[in-house]
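**Student:** Below: one structure in structure tokens.
Please treat every number below as a calculation from the coordinates, not as lab data. No experiment lies behind these values; they were computed from the predicted model shown. Methodologically, a virtual Cβ is constructed for each residue, glycine included, from the backbone with ideal geometry; neighbour enumeration extends over all protein chains shown.
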Amino acid sequence: MTSMPKPFIDKHLPKNELGLTVRNYEGVMSTLCAGCGHDSVTAALVQAFWELGLAPESAAKVSGIGCSSKTTAYFMGQSHGINCVHGRMPSVATGANAVNGDLHYIGISGDGDSLSIGFGQFAHAIRRNLNMLYIIENNGVYGLTKGQFSASADIGSTTKKGVPNEQTPIDPCIQALTLGAGFVARAFSGDKSQLVPLVKAALKHKGFAMIDVISPCVTFNDHAGSTKSYAHTYKYYHPLVHTDFVAHAEEITGQYAEDGAMRVTLHDGGELRLRKTDSDYDPRDKAQAIETLMINDGGGEIRTGLLYLNEDMPDMHAANKLPQTPLNQLPYEALNPGKAALASLQKRYR
Amino acid sequence: MKPTDTRDPDYYHKVVDCQWACPAHTPVPEYIRLIAQGKFTEAYLVNRRSNVFPGILGRVCDRPCEPACRRGRVEEEPVAICRLKRVAADNRDEVSHLVPQKPAQTNGKKIALVGAGPASLTVANDLAPLGYECTVFEAHHRPGGLMISNIPSFRLPEEVLDEEIGYIEKMGVEIKLNSRIESLKGLMDEGYDAVFIGSGAPKGKDLKIEGRDEADANIHIGIDWLESVAFEHVEKIGKRVLIIGVGNTAMDCCRTSLRLGADDVKVMARKPRQFFKASPWELEDAEDENVEIIVNHSPKRFVVEDGKLTGMEFELMEYELDADGEITETRKAGTKIIPCDDVILAIGQENAFPWIERDLGIEFDKWGVPLVDETTHASTLPGVFFGGDSAFGPKNIIWAVEHGHQAAISIHKHCEGEALDERLPRGVNLASAKMGVNEWMYSNSYDGSHRRDMPLVELQERLSNRKMEVELGFDAERIATEVQRCLNCDVQTVFEAPLCKECDACLDICPVDCLAIVPDGEEDALRASLRVPATNKEQALYVSAPLKDTGRVMIKDENLCLHCGLCAERCPTAAWDMQDADIFIPHVDNEAGKVAAE
């Protein structure tokens, strides 16, 4: 961490359509270790939300416990938010989403919070297709408790003292694909040119959008034996597809260039342009996505980008026919239909 | 791009914008830190080493440092560098035993210096402690040159001048007053080893238009008139005064007029305000005293009735400007007579050397300006050197001082029989500013306070006394606030490419977005790749060696860097470090291989 907050100077910066500079999307001073990947993820989120022109009051930040879960404090200081029980963020997000579907839900979790203590919660939030951006800041260790292996540690990856991990890792992307997520991506904290558009696309995806971000633990897992170090990730980094998010697709159809990009229109009218950087990868093909990740297991390459996208799935609100109006905007009479209505309801269970 | 060579002493020097802009390269952040620590005497001596007259310059310097100050790019106003210089001078202890001293014995070399202005005095200041016997010849009865004759006492009190000139006299320098040199040949015949000419640009320009001769009694040449006021030959002026010209001399003339009885003073400018030569703060000071500045009036004739000046007629000018603000078309739109009792001409001044025989071997150009080498200050006659306004035309005190430093080196080399152009190079010495985890030897936090203003004597009171200093100096609150506004640009961000693991921590924490890790490319492409494109090309772009994991390069736009050190605090491998850059500016004592006494 630094000795002081970042000085607030923004006269040199451009403003978005809300009249805000990128600095207006920052939060309090980070207390993470100097060089932590999570701080870079935070910076990417700040950049993406500024570029989207997201109104800070339209967002709700949710997180559990861990180094990763601290980071919700470091961006959008003017948004709603809760830092809840370890591994229980998906349930809190589900509840919040059920009563107010208008907000943008931004969940930040880690490999411990999502793949160990909160694994069940993680799975069921995907099954429900909760409309949220779900980021896993994945570093392969429990940083907050001084560097034990987490469930995402690769076989053969060592601790700082050289002890290798022998347990099978959980790959959150494979899990998300098999559980039915409609937006699955992998990214790296060291590449904002990939992460920022992915965050924008994920936030605009209607349904559960997960980005597994390799975010090195600079203190406990950034050594020569680690497979989640900066050096290792740079060495084996392999983007399969490059994603650009273009807001308001109708404005850009006129300049439809034959650049070979796949185009996917999102629910709100935005468009994703997916450029293959690999020979033959189509993120709309779930079987190929799973195959690619499974084959990759042990092969060394870290395949990143938007791995899978399906825009045609009903989210939790739609599937459960939840009211479109947030409960806090419903009149008292609608929220509390009265004694007679209660009696009539109870009668059905007698 | 080629990786930036930060061993070039000019690279980090340029980052210290104020020091780079100062002709004498005063280490500004260093003395401001000393003031912040309450070390006023040390701050004064650091100043004196570079600019010789901190008390004088702390009041009347042209301040090339302030427009250059990085703070002015980060927020609205630069650091009040000049005011802080005066703070050091105002609050210091006795320094007469700390400045360079008279040597135990001289080296037998005799140097003549013509004119006791800042240039000659600087030469003497540099050479006398090394043993040179310096004799300064001054035409007037007081030393100081234009500092005493042209800068009014309400801006620069005589005591301040006397004290700082006194230090130089005490080094064994002889100042011969009332000794106008009428012949350079005569002077050279007296057997000096070298002659330095620092006689200024003493000839004020005249305005030969209709009515000039008839109205002569009420038309005054600005610099001559200021001199007559300073030496108390003139004590009053008419009620209505017109000043022709808008340089700093014009500002001194209008404000002096107010103190000699005028109550309606107008400064007449031929062009619009953006073309004025006067420093913005001098214009403000004049307007603060209710001087009216009138633009687009070009002098046509002096109006004379019954042999007496009654006014001046002006042509009313109209200008067309292009997008760059250059004048593309000029029109005259009638004339106007403005009544007045006196006119002061402040439209420039020239060198004049009627006392230099043209057959001595000193070459002059067609305007009568001597040919002087810009580095060595040598004329075409070996052993004769020029500096100050007499060398390259009117500049200012701080330039005169720098000329003096450079001429002193040349005079020493001339006397030693060394080549004048083989001079010590500048240098830079870097030392880590790290004192512990996130602790630095400077205050790295950013203080958002705005520039403190100078408290002034009430208008009525100051106009009643020509010698009353208008500016009161900074009080404790102003000092404490202003010193924290300095960004410590001399504490440099130094990058070690092999240590970088490309975690982006520095990029993310930088409060002014001046860093990026990008694929190498041409300078324009690199400048455009920053989040805030580096459009200010006057400021360098740092480019590192290729980084080990990706081969990309770290780039840094020096333009807005706050020197807050957050990149270094956030760096997990200390690839970024904050290092104090001590810029070495050689003076003659370095050339002579002697350690300076101060």
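**Student:** Where nothing but the Cβ of Lys and Arg (+1) and of Asp and Glu (-1) is charged, how large is the charge dipole of region B:1-61 around its Cα centre, in debye to the nearest 20?
**Tutor:** My answer is approximately 160 debye.
**Student:** Further question on the same structure: Hey, got the Cα dimensions of chain B along the principal axes, in Å, largest first?
**Tutor:** 89, 63, 47
**Student:** Could you point to the residue in B:Pro299, B:Ala333, B:Val246 farthest towards the positive end of region B:204-348's charge dipole, with +1 and -1 charges on the Cβ of Lys/Arg and Asp/Glu respectively?
**Tutor:** Of the options given, the answer is B:Ala333.
**Student:** Could you please state, rounded to a whole Å, how far the C-alpha centre of region B:288-309 is from the C-alpha centre of region A:1-47?
**Tutor:** 58 Å
**Student:** To continue, here is another question. Taking amide hydrogens as modeled 1.01 Å from N in the peptide plane, which residues meet the under 5 Å criterion relative to A:Lys276, leaving out close sequence neighbours?
**Tutor:** It is A:His242, A:Met262, by chain and number.
**Student:** Can you list residues from other chains, or at least 5 along the same chain, whose modelled amide H is less than 5 Å from the amide H of A:Leu307?
**Tutor:** Amide H neighbours of A:Leu307: A:Val184, A:Ala185, A:Arg186.
**Student:** Taking the 0 to 90 degree range and rounding to the nearest ten, how far is the long axis of helix B:476-485 tilted relative to the main principal axis of chain B, both from C-alpha atoms?
**Tutor:** Tilt relative to chain B: about 60 degrees.
**Student:** How far apart, in nm, are two points set 7 Å out from the Cα along the Cα-to-Cβ line at B:Val437 and at B:Glu292?
**Tutor:** Between B:Val437 and B:Glu292, the simple spin-label model gives 6.9 nm.
**Student:** Nearest 20 debye, what's the magnitude of the dipole of chain B about its Cα centre given +1 on Lys and Arg Cβ and -1 on Asp and Glu Cβ?
**Tutor:** Taking the Cα centre of chain B as origin, the dipole is about 140 debye.
**Student:** Here are some pairs, A:Lys235/A:Lys276; A:Lys192/B:Lys501; A:Lys160/B:Lys434; A:Lys70/A:Lys276; B:Lys236/B:Lys266; which of them have Cα atoms lying more than 23 Å apart in this structure?
**Tutor:** Violating the 23 Å limit, Cα to Cα: A:Lys160/B:Lys434; A:Lys70/A:Lys276.
**Student:** Among A:Tyr234, B:Leu184, A:Gly140, which residue has its Cα furthest toward the positive end of the charge dipole of the protein assembly as shown, with +1 on Lys/Arg Cβ and -1 on Asp/Glu Cβ?
**Tutor:** After comparing all options, I get A:Gly140.
**Student:** Quick check for me: using +1 on Lys/Arg Cβ and -1 on Asp/Glu Cβ, what's the dipole size of the protein assembly as shown about its Cα centre, in debye to the nearest 20?
**Tutor:** Computed charge dipole of the protein assembly as shown: roughly 3600 debye.
**Student:** If you don't mind, there's one more thing I want to ask. Can you pull the one-decimal nm distance between simple spin-label points at A:Val28 and A:Thr325, each 7 Å off the Cα toward Cβ?
**Tutor:** Between A:Val28 and A:Thr325, the simple spin-label model gives 3.7 nm.
**Student:** Could you give the length gained by full extension between A:His12 and A:Ile155, i.e. 0.36 nm per residue of separation minus their alpha carbon distance, to one decimal place?
**Tutor:** 46.7 nm
**Student:** Cα convex hull of the protein assembly as shown: how many Å³ per residue?
**Tutor:** In the protein assembly as shown, the Cα hull volume divided by residue count equals 240 Å³.
**Student:** Let me ask you something else. Output ³J(HN,Hα) for region A:154-162: one whole-Hz value per residue in order, computed from phi by the Karplus curve 6.51 cos²θ - 1.76 cosθ + 1.60 with θ = phi - 60°, and x for Gly and Pro.
**Tutor:** Computed from phi, the couplings for region A:154-162 are 6, 5, x, 5, 10, 6, 4, 8, x Hz.
**Student:** Looking at B:Cys506, A:Phe208, A:Tyr74, which one has the Cα that reaches farthest to the positive end of the dipole of the protein assembly as shown (charges on Cβ: Lys, Arg +1; Asp, Glu -1)?
**Tutor:** Looking along the dipole axis, the top candidate is A:Phe208.
**Student:** Peptide B:555-563: average number of partner chain Cβ atoms within 10 Å per residue?
**Tutor:** Mean partner shielding for this stretch: 1.
**Student:** Moving on. When all alpha-carbon pairs of region A:144-258 are counted, what percent fall beyond 21 Å?
**Tutor:** Cα-Cα pairs in region A:144-258 separated by more than 21 Å: 49 percent.
**Student:** Kindly rank A:104-117, B:91-104, B:135-148, B:237-250 from highest to lowest mean number of other beta carbons found within 10 Å of each residue.
**Tutor:** Highest to lowest by the protection proxy: A:104-117, B:237-250, B:135-148, B:91-104.
**Student:** Still on this structure, I have one more. Run the quick spin-label model on A:Arg88 and B:Glu75: label points 7 Å from Cα toward the beta carbon, then report their separation in nm to one decimal.
**Tutor:** In this crude spin-label approximation the distance works out to 4.6 nm.
**Student:** While we're on this one: If you take the beta carbon distance between B:Glu318 and B:His97 as r and set R0 to 60 Å, what does 1/(1 + (r/R0)^6) give as a FRET efficiency, to the nearest 0.05?
**Tutor:** 0.45
**Student:** With r defined as the distance between the Cβ atoms of A:Gln167 and A:Gln288 and R0 fixed at 35 Å, what FRET efficiency is calculated, to the nearest 0.05?
**Tutor:** The value I calculate is 0.80.
**Student:** Right, here's the next one. Please figure out what share of the DSSP beta bridges in the protein assembly as shown is antiparallel and state it in percent, rounded to the nearest 5.
**Tutor:** Of those bridges, close to 50 percent are antiparallel.
**Student:** I need the peptides A:284-293, B:511-520 ranked by packing, meaning the mean over residues of other C-beta atoms within 10 angstrom, with the highest value on top.
**Tutor:** For the peptides A:284-293, B:511-520, the packing ranking is B:511-520, A:284-293.
**Student:** May I pose another question? Among A:Val28, A:Val41, A:Val184, whose mean-square fluctuation peaks in a Gaussian network model of chain A (Cα, cutoff 10 Å)?
**Tutor:** Of A:Val28, A:Val41, A:Val184, the Gaussian network model singles out A:Val28 as fluctuating most.
**Student:** Something else about it: Would you mind checking the pairs B:Lys413/B:Lys537; B:Lys14/B:Lys170; B:Lys102/B:Lys205; A:Lys200/B:Lys2; B:Lys185/B:Lys395 and listing those with alpha carbons more than 31 angstrom apart?
**Tutor:** B:Lys413/B:Lys537; B:Lys14/B:Lys170; B:Lys102/B:Lys205; A:Lys200/B:Lys2
**Student:** Next question. Can you tell me which of A:Ala334, A:Ala73, A:Ala201 moves the most in a GNM of chain A? Springs connect C-alpha atoms under 10 Å apart.
**Tutor:** In this elastic network of chain A, the residue with the biggest mean-square fluctuation among A:Ala334, A:Ala73, A:Ala201 is A:Ala334.
**Student:** Taking only Cα atoms of chain A, what ratio of Rg to Rh do you get with Rh as the Kirkwood inverse-distance radius?
**Tutor:** Value, to two decimals: 0.99.
**Student:** List every residue whose amide H lies under 5 Å from the amide H of B:Val428, counting only residues 5 or more places away in sequence or on a different chain, with H placed 1.01 Å from N in the peptide plane.
**Tutor:** B:Phe584
**Student:** Mind listing which trypsin sites (Lys or Arg not before Pro) in region B:347-422 are in a DSSP loop and have 15 or fewer other Cβ atoms within 10 Å?
**Tutor:** Loop-located and lightly packed - B:Arg358, B:Lys366.
**Student:** Provide the net charge surrounding B:Ile111, with neighbours chosen by a C-beta distance below 9 Å and charges set as Lys +1, Arg +1, Asp -1, Glu -1.
**Tutor:** Once all neighbours under 9 Å are counted, the net charge is 0.
**Student:** So between B:Ala476 and B:Glu210, what do we pick up on full extension, going 0.36 nm a residue minus the alpha carbon distance?
**Tutor:** Stretched out fully, the B:Ala476 to B:Glu210 stretch lengthens by 90.3 nm.
**Student:** Whole angstrom only: what separates the Cα centroid of region B:91-157 from the Cα centroid of region B:327-401?
**Tutor:** Going from one Cα centre to the other spans 23 Å.
**Student:** What net charge is computed for the residues neighbouring A:Gly53, neighbours being all others with C-beta under 14 Å from the C-beta of A:Gly53, Lys and Arg scored +1, Asp and Glu -1?
**Tutor:** After counting each charged neighbour, the total is -1.
**Student:** I'd like the FRET efficiency for B:Thr380 and A:Met262, computed as 1/(1 + (r/R0)^6) with the beta carbon distance as r and R0 of 60 Å, rounded to 0.05.
**Tutor:** Result of the calculation: an efficiency of 0.20.
**Student:** Classify region B:444-598 from the C-alpha gyration tensor, please: rounded if a/c falls under 1.5, else prolate or oblate depending on whether a/b exceeds b/c.
**Tutor:** In terms of gyration-tensor shape, prolate.
**Student:** Can you return the lysines within cross-link range of A:Lys204? Criterion is Cα-Cα under 16 Å, with same-chain partners fewer than 8 residues away left out.
**Tutor:** A:Lys61
**Student:** Right, next: For A:Lys339, give me every one of the lysines with a C-alpha distance below 23 angstrom, ignoring sequence neighbours fewer than eight places off in its own chain.
**Tutor:** The reachable lysines, counting only those whose Cα sits under 23 Å from A:Lys339, are A:Lys347.
**Student:** Please compute the average number of Cβ atoms from other chains found within 10 Å of each residue's Cβ in peptide B:498-506.
**Tutor:** Shielding by partners across B:498-506 averages 6.
**Student:** How many angstrom lie between the Cα centre of region A:195-225 and the Cα centre of region B:502-531?
**Tutor:** 21 Å
**Student:** ³J(HN,Hα) across region A:82-92 via Karplus (A = 6.51, B = -1.76, C = 1.60, θ = phi - 60°), whole Hz, x for Gly/Pro?
**Tutor:** 3J(HN,Hα) across region A:82-92, in whole Hz: 9, 10, 10, 5, 4, x, 9, 4, x, 5, 5.
**Student:** Summing Lys, Arg as +1 and Asp, Glu as -1, what charge do residues with Cβ under 13 Å from the Cβ of A:Met316 carry, A:Met316 excluded?
**Tutor:** +3
**Student:** Ranked from highest to lowest mean number of other Cβ atoms within 10 Å per residue, what is the order of the peptides A:89-96, B:203-210?
**Tutor:** The most tightly packed comes first, giving A:89-96, B:203-210.
**Student:** Evaluate peptide A:29-36: per residue, the Cβ atoms of other protein chains within 10 Å of its Cβ; return the mean as an integer.
**Tutor:** 5
**Student:** Which residue, A:Tyr234, A:Tyr25, A:Tyr332, tops the fluctuation ranking in a GNM of chain A built on C-alpha contacts under 10 Å?
**Tutor:** Of the options given, A:Tyr332 has the highest mean-square fluctuation.
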